[in-house]
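For reference, the structure discussed in these notes is given below.
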Amino acid sequence: PSTPRAAVGRRTRLSHARKAHQNAETALTMSERRYRGLVEHSLGLICAHDLQGQLLLINPAAAQSLGYQPEEWVGRNLRDVIAPDARPKFDDYLRRIAAAPMDAGLLRVIARDGSEHIWMYRNVRSEEPGEPPYVLGHALDITERVMAEQSLRRGQEELAVAFQELDQRVENRTRELEA
């Protein structure tokens with residue numbers, strides 16, 4: 001037989017349990033909102049793909065850097081944007097990330113307008129119990145940096161050639177004057 005005091009105790013525990021459940025749901029909703037905001041508003045290039053390269057998620061910065069909207073890419077394979085001559089290396093990447101928890105390197109991708117971009121990436125394989133493994137991809141577009149470095153190297157090489165030519169002219173002129 002239940003006493004009035006026991007019934008009040010059960011209602012109080014039930015009320016506390018409901019409140020705790022509501023607090024947990026509110027905290028989860030806030031956490032999801034913060035995560036979504038971080039991914040959607042990040043300047044970094046963020047994606048998630050399965051171990052075959054099919055995109056599960058792509059943030060606006062990554063999609064727009066290639067001239068697309070994110071919804072155009074979810075469900076497509078990352079291989080579709082890789083520079084054609086670099087696609088065989090993508091298979092190597094997929095094997096590496098399936099075997100090791102992390103992979104990093106450079107990736108050459110082609111934008112909608114046909115321009116080539118160079119992404120420096122660091123990707124991490126994630127495994128959740130009961131779920132298929134997936135890869136969290138993080139990248140930076142370093143195309144401008146690479147182009148600037150190449151231009152600087154060309155300039156240094158041209159300067160070295162000019163110095164050699166000047167040195168040779170000075171040497172030739174000195175011989176002419178000595179003669």
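The values are calculated or read from the model by the stated rules, or taken from the named source; none is laboratory data. Given the structure is predicted, the values throughout are model-derived calculations rather than measurements. Glycine also receives a Cβ, built like all others from the backbone with ideal geometry; neighbour counts cover every protein chain displayed. The protein model used for the area step is the full one, side chains on, heavy atoms only, and it has no ligands, DNA or RNA in it. Shrake-Rupley method; radii C 1.70, N 1.55, O 1.52, S 1.80 Å.
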If Ala160 passes every condition in (1) at pLDDT 90 or above; (2) open to solvent by less than 90 Å² (accessible area, probe 1.4 Å); (3) part of a helix (DSSP H, G or I) but one, which one does it miss? (1)
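Please count how many residues of region 61-85 are open to solvent by 30 Å² or more (accessible area, probe 1.4 Å), over 14 Å from the mean Cα position of the chain (by Cα) and either within 13 Å of Asp50 (Cα to Cα) or among the small types (Gly, Ala, Ser) (or both). Full working, then the answer.
First, pick out the residues of region 61-85 that are open to solvent by 30 Å² or more (accessible area, probe 1.4 Å): 64-65, 67-69, 71-72, 74-77, 79-80, 84-85.
Those left that are additionally over 14 Å from the mean Cα position of the chain (by Cα): 67-69, 71-72, 74-77, 79-80, 84-85.
This time we only want the ones that are either within 13 Å of Asp50 (Cα to Cα) or among the small types (Gly, Ala, Ser) (or both), so: 67, 74-77, 79.
So the answer is 6.
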Starting from region 1-23, take each residue that is part of a helix (DSSP H, G or I) and list its partners that are modelled with pLDDT under 80, counting only C-beta distances under 9 angstrom and pairs at least six apart or across chains. Arg10/Ser2
Expected output for region 119-139 (first residue closer than 24 Å to Leu106 by Cα, partner among the charged types (D, E, K, R), Cβ below 6 Å, 6+ apart or cross-chain) is Trp119/Asp141; Asn123/Asp103; Pro133/Arg125; Pro133/Glu127; Tyr134/Asp50; Val135/Arg125; His138/Arg122
Please go through region 31-55 and pick out each residue that is open to solvent by less than 90 Å² (accessible area, probe 1.4 Å) and at pLDDT 75 or above. Gly44, Leu45, Ile46, Cys47, Ala48, His49, Asp50, Leu51, Gly53, Gln54, Leu55
So, of the residues in region 86-117 that are in a helix (DSSP H, G or I) and touching a residue at least 12 places away in the same chain (Cβ under 8 Å), which turns out to be most open to solvent (accessible area, probe 1.4 Å)? Ala98
Qualifying residues in region 124-147 (those that are assigned to a helix (DSSP H, G or I) and open to solvent by less than 60 Å² (accessible area, probe 1.4 Å)) - the one modelled with the lowest pLDDT: Val146
